[in-house]
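I have placed the structure first, in the form of structure tokens, so that the comments after it can refer back to it.
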Ligand SMILES: [Fe+2]
């Protein structure tokens with residue numbers, strides 16, 4: 001990819017909010033020439049053992065936006081997360097903005113609609129979201145041009161969002177010493193993930209990359225920002241010219257040893273609904289546990 005539908009001389013103001021419960025980083029991204037902003041990958045707090053939902057993390061994002069007098073235009077999900085719940089509808093109710101995700105959400109909805117035995121009232125057409133992005137789709141935050149890049153592999157609906165000189169990579173990449181995310185969820189594919197990572201690494205070397213997760217490997221402090229050049233040189237899974245076959249072999253072997261994320265069951269049910277908690281036939285918010293279904 002050599003033609004970019006964004007102006008890479010634009011440097012958005014990016015503020016990262018780390019959630020220690022899920023190791024997720026949520027972002028507020030501000031157009032430097034206006035008060036317009038977007039949120040990328042918000043988090044809703046859950047005490048799963050107690051079935052209790054709270055909003056401290058989302059309230060911090062909301063407070064920052066209100067304190068700075070910003071206008072929220074977009075609430076972006078890089079993908080259907082399996083390790084945390086999105087707070088998109090809660091934030092939208094308070095601040096407005098459009099909730100956007102990749103159009104392949106329909107594939108994810110179809111897969112997990114079956115796993116959770118959802119009835120016909122669960123739409124599998126992405127209609128729970130305000131915008132469905134295709135590869136290369138452009139949109140604006142204030143006057144700043146942004147585009148969505150289709151990057152499947154971790155999940156079938158993953159997108160990287162490029163905003164000025166900043167790219168929000170979701171779970172396509174981790175920090176160089178963290179490598180890459182797993183590719184063994186239903187619809188995941190290690191070869192596709194390698195190809196998607198190459199697509200991200202074809203962006204200019206000085207493009208800033210912002211991670212969705214960091215686990216502080218080897219005891220280092222949590223970090224979430226790097227560059228394309230750093231990833232190309234040092235990423236432990238794909239840097240230094242690792243081949244596609246090497247990556248697939250490594251990723252497949254590693255993924256076979258990983259436990260399921262602690263919050264995968266509530267996360268999928270909520271996130272495939274754009275962050276809305278499902279309801280039972282009487283209208284009570286309710287989550288299911290499919291026994292031996294995953
Ligand atoms: Fe993920």
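Taken together, the values in this text are just the output of simple stated rules run on the coordinates, not laboratory data. Owing to the predicted nature of the structure, the values given are computational and were not obtained by experimental measurement. Ideal geometry is used to build each Cβ from the backbone, glycine not excepted, and the neighbour counts take in all protein chains shown.
When only alpha carbons are used to place a centre, the range 245-259 and the range 109-141 end up 28 Å from one another.
Beta bridges from DSSP with both residues in the range 102-199: antiparallel share about 90 percent, rounded to the nearest 5. On a per residue basis, the convex hull of the C-alpha atoms belonging to the range 139-208 measures out at 82 Å³. Under the criterion of Cα pairs below 8 Å and six or more residues apart, the relative contact order for the range 52-102 equals 44 percent.
Beta-bridge orientation, the range 23-124: approximately 50 percent antiparallel, per DSSP, counting only bridges with both partners inside. With springs connecting C-alpha atoms under 10 Å apart, model the chain as a Gaussian network and identify which of 48, 139, 215 has the largest mean-square fluctuation. The residue that fluctuates most here is 48. Note on residue 289 and residue 264: the model spin-label points, each 7 Å out from Cα along the C-beta direction, lie 1.5 nm apart.
For the range 224-242 versus the range 16-52, the inter-centroid distance based on Cα atoms is 25 Å. Once both labels are positioned 7 Å from their Cα atoms along Cα-to-Cβ, the gap between residue 215 and residue 233 label points is 2.6 nm. Between residue 279 and residue 130, the contour length at 0.36 nm per residue exceeds the alpha carbon distance by 51.6 nm. DSSP beta bridges fully contained in the chain are about 70 percent antiparallel.
Based on the Stokes-Einstein relation at 37 °C and a viscosity of 0.692 mPa s, and on the Kirkwood radius from alpha carbon pairs, the range 220-294 is assigned a translational diffusion coefficient of 201 µm²/s. Over the chain, with a single point scatterer placed on each C-alpha, what log10 of the ratio I(q)/I(0) does the Debye formula yield at q = 0.07, 0.08, 0.14 1/Å? Those come out to -0.24, -0.31, -1.02, one per q.
Among 72, 258, 193, the residue with the largest mean-square fluctuation in a Gaussian network model of the chain, with springs joining Cα atoms closer than 10 Å, is 258. When the Gaussian network model of the chain links Cα atoms closer than 10 Å, the mean-square fluctuations of 278, 266, 152 top out at 278.
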